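What follows is a short report on a single structure.
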2 protein chains.
Amino acid sequence: MPGLWGQRPTDAMLSAMATRSAPDRLLSVLSAFDHGHPALSLTDISRRAGLTLTTAHRLVGALTEWGALERDTDGVYHVGLRLWELAALAPRGLALRQVALPYLEDLYEATHENVQLAVRDGSDVVYIEWLSGRSAVGVHIRVGARWPLHATGVGLVLLAHGEPGLQEEYCAGSLASFTPYTITDPTRLRRALAEVRRTGAAVSTRQVTDDALSVAAPVRGRTGSVVAAVSVVVPEADAQVPVLIPAVRMAARGISRALGWQPRPAVAR
Amino acid sequence: MPGLWGQRPTDAMLSAMATRSAPDRLLSVLSAFDHGHPALSLTDISRRAGLTLTTAHRLVGALTEWGALERDTDGVYHVGLRLWELAALAPRGLALRQVALPYLEDLYEATHENVQLAVRDGSDVVYIEWLSGRSAVGVHIRVGARWPLHATGVGLVLLAHGEPGLQEEYCAGSLASFTPYTITDPTRLRRALAEVRRTGAAVSTRQVTDDALSVAAPVRGRTGSVVAAVSVVVPEADAQVPVLIPAVRMAARGISRALGWQPRPAVAR
């Protein structure tokens, strides 16, 4: 294939011309949007997605017509309502949240602290819900935010109860630190995970910010496997952990029952 | 182009071979999922999207790898977590909800009734949030559900404050009915909309189900235009409308201020 001016194409030009599949090109437009870039111009999109302006224009047009993107009067694109309606169908997202919400609200009422619900995706927690009052201060967690498993209370719960091999694979990787207290030693992490399984709750202190403490408990589904985790996040100073653990476990068990979990009988027959 | 066995293609065969664009084919896979069909097999998807099994398999694979779809152990696909994370960026969806949530919670605490937040999309309302206690009965509105504008309290508010031409266009169309009381006469509808603008609230009685009443008020954004609506939905019998209107308006104004709305001064200077 001749390049510009009839010359042989260089390797770089060939590489640039090696096209992704059509689906991948369309999805790369959606990938351009993230929490740091929720609104993008067509030029931003073409640059972030690695597409020519012409291609970006065509794909953005198709996405806008479908409703996945919306264009405002300044010519800036953002994620569209139709995508949100579709996302409402995600069982691990909004559907789980709808079941959990009354229990999260009760936990908030009972403790007056920040309350979170999260699921695992690969080696991250993803926050599905976050309740706090208008006056709450401290840790800022966005709904939809991702954090590494080892650094949060909900993450410790999800890591401790993950599928076989997950814990070893995760502990063998590098553990990012966010404060001077973040657990980055695999041996310490394994001990913490064993403690989570033994006690039924995780207490994560000053791992993400050095002023916060998180108490988390597992949410089980119909089959009994852990599908999510609930936590409260409180200021570390004066945190009343023995008070918080039973309340968080109550919320987690309530949601689990609402999902169809049936606990084993308390007394052996 | 010869058809099978060298014959000339019939109009039907030509029509079948006329392919949608690649983006439209991919989006048709996502379109296959809705509230009635949140989980689909590959065969379901190919049938609902009008694609061959081969094409559906390829597109579903690309979407699954990206995270827009997830496959469970039974080989059934549902909407994936990554799509939900993307949807969290939609300003008219989750972002609006995050700002509004404390006010919606306050309205729930103050009234102990079902509370909703909705936006307009074309000629529909789309419910962005819906709070109710565990024991609430009555109208069932799903988060993400769509309803026609004229049949709900939030819809009347959004229709009354829509862009120029919207009201006339809507009133000129056919108005679906859901109960014997649903307003289907354009003249009655126009009067109701004028009343909404005059009073600052909408009272919608027995329009969707014949046992419910809705009180709704407009939410304004930074520029002053109406961007959403808040409502409570209560049993029609014994509904205390004069009590509900100020509370709903308080919630709507609180959300508006949180969005940057600045009301005109109460006293002319």
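The values are calculated or read from the model by the stated rules, or taken from the named source; none is laboratory data. These numbers come from a predicted model, not from an experiment. FYI the Cβ positions are ideal-geometry reconstructions off the backbone, even for glycines, and counts take in every protein chain you see. The accessibility values were calculated without ligands, DNA or RNA, using every heavy atom of the protein model including side chains. Shrake-Rupley method; radii C 1.70, N 1.55, O 1.52, S 1.80 Å.
What are the pairs with Cβ atoms under 6 angstrom where one residue, in segment A:78-94, is more than 7 Å from chain B (Cβ to nearest Cβ) and the other, located anywhere, is surrounded by fewer than 23 Cβ atoms within 10 Å (Cβ to Cβ)? Sequence gap at least six, or different chains.
Here the result reads A:Arg82/A:Gly67, each pair linking segment A:78-94 to a residue that is surrounded by fewer than 23 Cβ atoms within 10 Å (Cβ to Cβ).
Could you tell me which of the residues B:Tyr108, B:Tyr103 is buried (at least 17 other Cβ atoms within 10 Å of the Cβ), among the aromatic types (Phe, Trp, Tyr) and in contact (Cβ under 8 Å) with a residue 60 or more places away in the chain?
Sole residue among the options that is buried (at least 17 other Cβ atoms within 10 Å of the Cβ), among the aromatic types (Phe, Trp, Tyr) and in contact (Cβ under 8 Å) with a residue 60 or more places away in the chain: B:Tyr103.
So which residues in segment B:97-114 are more than 12 Å from every other protein chain (Cβ to nearest Cβ) and in contact with a strand residue (DSSP E or B) (Cβ under 7 Å, 6 or more places away or on another chain)?
B:Leu107, B:Thr111, B:Glu113, B:Asn114 - these are the residues of segment B:97-114 that are more than 12 Å from every other protein chain (Cβ to nearest Cβ) and in contact with a strand residue (DSSP E or B) (Cβ under 7 Å, 6 or more places away or on another chain).
Quick check on my filter: what residues within segment A:188-220 are in a loop (DSSP other than H, G, I, E, B), within 20 Å of A:Tyr127 (Cβ to Cβ) and at pLDDT 90 or above?
The one that is in a loop (DSSP other than H, G, I, E, B), within 20 Å of A:Tyr127 (Cβ to Cβ) and at pLDDT 90 or above: A:Ala201.
Open to solvent by 30 Å² or more (accessible area, probe 1.4 Å) and not charged (D, E, K, R): does that describe A:Gly61?
Yes, satisfied.
May I ask you to list pairs of residues, at least six apart or on different chains, whose Cβ atoms are under 9 Å apart, with the first in segment B:40-63 being within 12 Å of chain A (Cβ to nearest Cβ) and on the phi < 0 side of the Ramachandran plot and the second being open to solvent by 60 Å² or more (accessible area, probe 1.4 Å) and not in a helix (DSSP H, G or I)?
Here the result reads B:Val60/B:Arg71, each pair linking segment B:40-63 to a residue that is open to solvent by 60 Å² or more (accessible area, probe 1.4 Å) and not in a helix (DSSP H, G or I).
Of everything in segment A:67-77, what is within 11 Å of another protein chain (Cβ to nearest Cβ) and open to solvent by 30 Å² or more (accessible area, probe 1.4 Å)? Give them in sequence order.
The answer is A:Glu70, A:Asp72, A:Thr73, A:Val76.
If only one of B:Leu86, B:Leu159 is open to solvent by less than 20 Å² (accessible area, probe 1.4 Å) and farther than 28 Å from A:Gln116 by Cα, which one is it?
Exactly one residue qualifies, and that residue is B:Leu159.
A:Ala118: facing another protein chain (nearest Cβ under 9 Å) and open to solvent by less than 40 Å² (accessible area, probe 1.4 Å), yes or no?
It is false that A:Ala118 is facing another protein chain (nearest Cβ under 9 Å) and open to solvent by less than 40 Å² (accessible area, probe 1.4 Å).
Would you please name the residue that is nearest to the chain's Cα centre (by Cα), looking only at residues in segment A:214-229 that are open to solvent by 10 Å² or more (accessible area, probe 1.4 Å) and of a type in the set (A, V, I, L, M)?
So, considering only residues that are open to solvent by 10 Å² or more (accessible area, probe 1.4 Å) and of a type in the set (A, V, I, L, M), the one nearest to the chain's Cα centre (by Cα) is A:Val227.
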